[in-house]
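So the structure is just underneath, and the comments pick up after that.
The values are calculated or read from the model by the stated rules, or taken from the named source; none is laboratory data. The structure displayed is predicted, hence computed values, not measured ones. Virtual Cβ from ideal backbone geometry, glycine too; neighbours counted across all protein chains shown. Ligands, DNA and RNA are stripped out before the accessible areas are found, and what is left, the full protein with its side chains, is counted by its heavy atoms. Shrake-Rupley method; radii C 1.70, N 1.55, O 1.52, S 1.80 Å.
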Protein chains: 2
Amino acid sequence: METETTFNIGILAKATGTKVETIRWYERVGLLSAPDRTSGNYRAYGAAHLGRLSFIRRARDLGFSLDQIRTLLDVAGQQDLPCEAVDAIAREHLEEVDRKIADLQALRRELDSLIGQCRHGRVAECRIIEALAPSKT
Amino acid sequence: METETTFNIGILAKATGTKVETIRWYERVGLLSAPDRTSGNYRAYGAAHLGRLSFIRRARDLGFSLDQIRTLLDVAGQQDLPCEAVDAIAREHLEEVDRKIADLQALRRELDSLIGQCRHGRVAECRIIEALAPSKT
DNA sequence: CTTGACCCTGTAGCGACCACAGGGTCCATA
DNA sequence: TATGGACCCTGTGGTCGCTACAGGGTCAAG
């Protein structure tokens, strides 16, 4: 049996565009399994870790939460299950994203009309402040 | 001189749709001034507090950060300054919102195409998992 | 043998709260 | 007057996903 080539955390970090601290944190919260250690107590990663971390990072880029990623990784390991669970997580996330977009667009409209009312005078007659402030008594 | 009518934190909370703990937290971080206390050490709020908290809540609803709100409140108190500072904060925030919307829309497109590829088979040949996983060796 | 780049653990901080625990206060009702 | 329950107090710890130290150890090059 041949020995797998291993590398330090810094290499893994660079290869995946992740900060070293973030990798250690993924290990702490159980997303990344604890790797073997060298004689000097350094973490020694292999190709499997690289693959798993790349997966995590891509999913993060797509906005999945760590909990969702945990589930995705779990399911990805159960190769002969139907992939409906995967689909469900992705769809749920899509809906969340849609909701966020709608919220932000509503907010944008409000902000925009607020700004449109600014007459560039004194604070005393500022429409933006007025709009935020409660009705004066 | 007449004594101002005052009310407890719970009343203020209900009136503004804020949790009691949140009000106390605004006080801790200096957004809301510490009110007088009753003989029983209860916070006694008045109309000014109600106004200020309403302002904060509306600004929060529009997505301003507490730091931005702090500045807005500062400026709102300087009635004869030009209101450009207010305008600038609002515009900056609008740009931020626009950026977030664009990011989310890009993400949405990616997610959507990912989901569109699901053939509802086994995890082993799931396109979603494949798309996330690194190229197999 | 020293320098400097890397690595280790552990802890604290971010923003904007929320949720207790373990007490004190107040008021209406019995 | 006693009691029960709704309210209030402070202080601490948790959330999410990291980031940033502090105070050390390891390793390879010169």
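Checked against (1) open to solvent by less than 30 Å² (accessible area, probe 1.4 Å); (2) within 11 Å of DNA strand D (Cβ to nearest atom); (3) within 11 Å of chain B (Cβ to nearest Cβ), A:Leu72 passes all but a single condition, namely (2).
The set of residues in the range A:83-101 that are facing chain B (nearest Cβ under 7 Å) and either of a type in the set (Gly, Ala, Ser) or more than 15 Å from B:Glu110 (Cα to Cα) (or both) comprises A:Cys83, A:Glu84, A:Val86, A:Ala90, A:Lys100.
Would you please name the residue that is farthest from DNA strand C (Cβ to nearest atom), looking only at residues in the range B:2-39 that are basic (Lys, Arg), modelled with pLDDT of 95 or more and part of a helix (DSSP H, G or I)?
Keep residues of the range B:2-39 that are basic (Lys, Arg), which gives B:14, B:19, B:24, B:28, B:37.
Retained after the next criterion (residues that are modelled with pLDDT of 95 or more): B:14, B:19, B:24, B:37.
Next, from what is left, pick out any that are part of a helix (DSSP H, G or I): B:14, B:24.
On the way: B:Lys14: 13, B:Arg24: 8 Å.
Only one residue fits best here, namely B:Lys14.
Checking each residue in the range A:24-37 for being out of contact with any His (no Cβ under 9 Å at 6 or more places or on another chain) and open to solvent by 60 Å² or more (accessible area, probe 1.4 Å) picks out A:Arg24, A:Trp25, A:Arg28, A:Ala34, A:Asp36, A:Arg37.
For B:Glu21, the criteria (1) under 25 Å from A:Ile115 (Cβ atoms); (2) open to solvent by 70 Å² or more (accessible area, probe 1.4 Å) hold in every case but one, which is (1). Restricting attention to the range A:40-66, the residues being within 11 Å of another protein chain (Cβ to nearest Cβ), surrounded by fewer than 16 Cβ atoms within 10 Å (Cβ to Cβ) and within 14 Å of DNA strand C (Cβ to nearest atom) number 0.
When the range B:44-62 is examined, which residues are found to be touching an Asp or Glu at 6+ places or on another chain (Cβ under 8 Å) and without any contact (Cβ under 8 Å) to a residue 40 or more places away in the chain? Give the steps one after another, and end with the answer.
So the first thing to find is which residues in the range B:44-62 are touching an Asp or Glu at 6+ places or on another chain (Cβ under 8 Å), and the list is B:44, B:46-47, B:62.
Selection gives B:Ala44, B:Leu62.
Just wondering, is there one or more residues in the range B:90-101 that are surrounded by fewer than 16 Cβ atoms within 10 Å (Cβ to Cβ) and not charged (D, E, K, R)? No, that holds for no residue. Counting only residues that are at the interface with another protein chain (Cβ under 7 Å from one of its Cβ atoms) and assigned to a helix (DSSP H, G or I), the range B:102-134 holds 14 of them. Applying the set (1) out of contact with any strand residue (DSSP E or B) (no Cβ under 7 Å at 6 or more places or on another chain); (2) open to solvent by 80 Å² or more (accessible area, probe 1.4 Å); (3) within 7 Å of chain B (Cβ to nearest Cβ); (4) more than 30 Å from B:Gln79 (Cβ to Cβ) to A:Asp80 leaves exactly one unmet item: (1).
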